[in-house]
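Inspection log for the structure reproduced underneath, given as structure tokens.
The values are calculated or read from the model by the stated rules, or taken from the named source; none is laboratory data. Bear in mind that the values here come from a model prediction, so they are computed numbers and not experimental data. All Cβ positions, glycine included, derive from the backbone under ideal geometry; neighbour counts span all protein chains shown. These area figures cover heavy atoms from the full protein model, side chains too; ligands, DNA and RNA do not enter into them. Shrake-Rupley method; radii C 1.70, N 1.55, O 1.52, S 1.80 Å.
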Amino acid sequence: MSDHTIANIGCNGRGEDRDQFQHLVAAMVFLLALFVTGAVVAETRVALVVGNADYGAMGRLKNPVNDAQLVAETLREVDFRVIELINADQQTMKRGVRDFGRWLRRAGPEGVALFYFAGHGVQVAGRNYLLPVEAKILAEGDVDIESVAADSILDQMEHANTGVNIVILDACRNNPFQQGFRSAGRGLARMEAPTGSYIAYSTAPGQLAMDGDGPNSPFTLSLANAMKQPGLSIERVFKKVRQEVARISEERQIPWSSSSLIGDFSFRGVSAATSTPHHQPPAATQDSRKTASNDLPVPRGRPLPAAPPANKKGSLPHISQVPPTRPTAMDGLWMLAANNIPYQIEAGRIYAMAEYMHLLVFPVEAHDVVVTDVAQTGPGELAGQDLALLGSWTGRLQPDGTMAILVHGALGPFNSKLTPIKLSDPQWFAQEVASLSGR
């Protein structure tokens, strides 16, 4: 159910036997990984897409939500895994950037990172900031505190060492604070990108972009159409976008880009049409003001993503493939200490709420079930079958409300702790915790 160090397995024997055992376990993990994934994917594409429109007192922007949804849909068509945030407040945006960085670090040097933002963006003292909804900005000094610095996205990409990094900003709208700020500028400032990056603006630095007359901005609509065309290099894609937007705007808006790419990249290459797409984790599309406590995704009442494709041999089952059974007092959202991944306990199953690499080898997708047949076996006690570690899973509630878990699996013993985040029935859970004193 988590990443753990296989070198700690079977440490009680002699050194030679222990080494042989570790090599055996490593081989088992490798074979299991091949069985689970079916094939090794050389390139992992990850995108964070944000569309902010409802700015309260600053007014509502016309296109960003539609633009973000169009870009997210297009990126999924060209094999990106997408985190999608709609009308996100600052906390949600920063957590999205954090999760984006985690995915990128898993992708590594073979990864492709893409960030797209539509909404209000401002430059102050030559630095670009992306505005969350509900930002409370009364003075120039509030911008850094209330918004998200655009270069923080580049920092995540640089730290992850991904091979191709793409930043697309359709945020060159009028600065609502320009008249009241001494160092505020018109439009966005030019950003310096690390090697291997491509930065695209909907218009030239210091200029403003048009919303257009339709449901999408001319820039984003042109971009979505160009990305779908097979065989176009990224340079050619943005050249076509530049030509189309210039034509529509009668050259009043000229998209601009800066590149330090070394290799070649195509959104839809020749192989894209014939290769098997990645299974998509569910998009984290949400209005942040309607998010449950701690802003972590809670699936209850929301549509579930489609089940994994049938050709994904041996994968952990998707939630849609494991019917619910009997609820327990511990049903709800929990955080596992071993890997800081949220898991949902729900009526006989435990499933991951975010993607991660199990045993540092094979991927677990969001909404993959990691434990089945979960049943309450006594006061504050659960038992089930762990599909990731291949063995029996037990959970024992502690007086502080956390749950100590233990797995006796084919890949070795595993101990960790679950911390409750949001419970389906808090009163029932409180009674369960209180009953522990009678053990």
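Note on the stretch 399-418: residues that are farther than 19 Å from ASP373 by Cβ and either open to solvent by 60 Å² or more (accessible area, probe 1.4 Å) or without any contact (Cβ under 8 Å) to a residue 12 or more places away in the chain (or both) total 5. Among the residues of the stretch 93-121 satisfying the criterion of being assigned to a strand (DSSP E or B) and out of contact with any Lys or Arg (no Cβ under 9 Å at 6 or more places or on another chain), which is farthest from LEU48 (Cα to Cα)? If we take residues in the stretch 93-121 being assigned to a strand (DSSP E or B) and out of contact with any Lys or Arg (no Cβ under 9 Å at 6 or more places or on another chain), then ALA118 is farthest from LEU48 (Cα to Cα). Before we move on, is ALA171 touching a Phe, Trp or Tyr at 6+ places or on another chain (Cβ under 9 Å), farther than 26 Å from SER222 by Cα and at pLDDT below 85? So ALA171 fails the test.
Look through the stretch 47-73, keep the residues that are assigned to a strand (DSSP E or B) and of a type in the set (A, V, I, L, M, F, W, C), and return whichever of them is farthest from GLY119 (Cα to Cα). Walk me through how you get there before you give the answer.
Keep residues of the stretch 47-73 that are assigned to a strand (DSSP E or B), which gives 47-51, 54, 60.
Retained after the next criterion (residues that are of a type in the set (A, V, I, L, M, F, W, C)): 47-50.
Working: ALA47: 17, LEU48: 14, VAL49: 11, VAL50: 8 Å.
Taking the candidates together, the pick is ALA47.
Pairing residues of the stretch 305-333 that are closer than 19 Å to ARG76 by Cβ and in a strand (DSSP E or B) with residues that are at pLDDT 85 or above and not aliphatic (A, V, I, L, M), at Cβ distances under 7 Å and at least 6 apart in sequence or on separate chains, gives HIS318/HIS367; HIS318/ASP368. GLN385 meets all of the listed conditions (1) closer than 30 Å to ARG81 by Cβ; (2) touching a residue at least 60 places away in the same chain (Cβ under 8 Å); (3) open to solvent by 50 Å² or more (accessible area, probe 1.4 Å) but one, namely (2).
Show me the strands (runs of 3 or more DSSP E) entirely contained within the stretch 361-439 in which 2 or more residues are under 26 Å from SER320 (Cα atoms) and polar (S, T, N, Q).
Values: elements: 362-364, 369-378, 381-386, 391-397, 403-409, 412-423.
Because the criterion is at least 2 residues that are under 26 Å from SER320 (Cα atoms) and polar (S, T, N, Q), the strands (runs of 3 or more DSSP E) in the stretch 361-439 that meet it are 369-378, 391-397.
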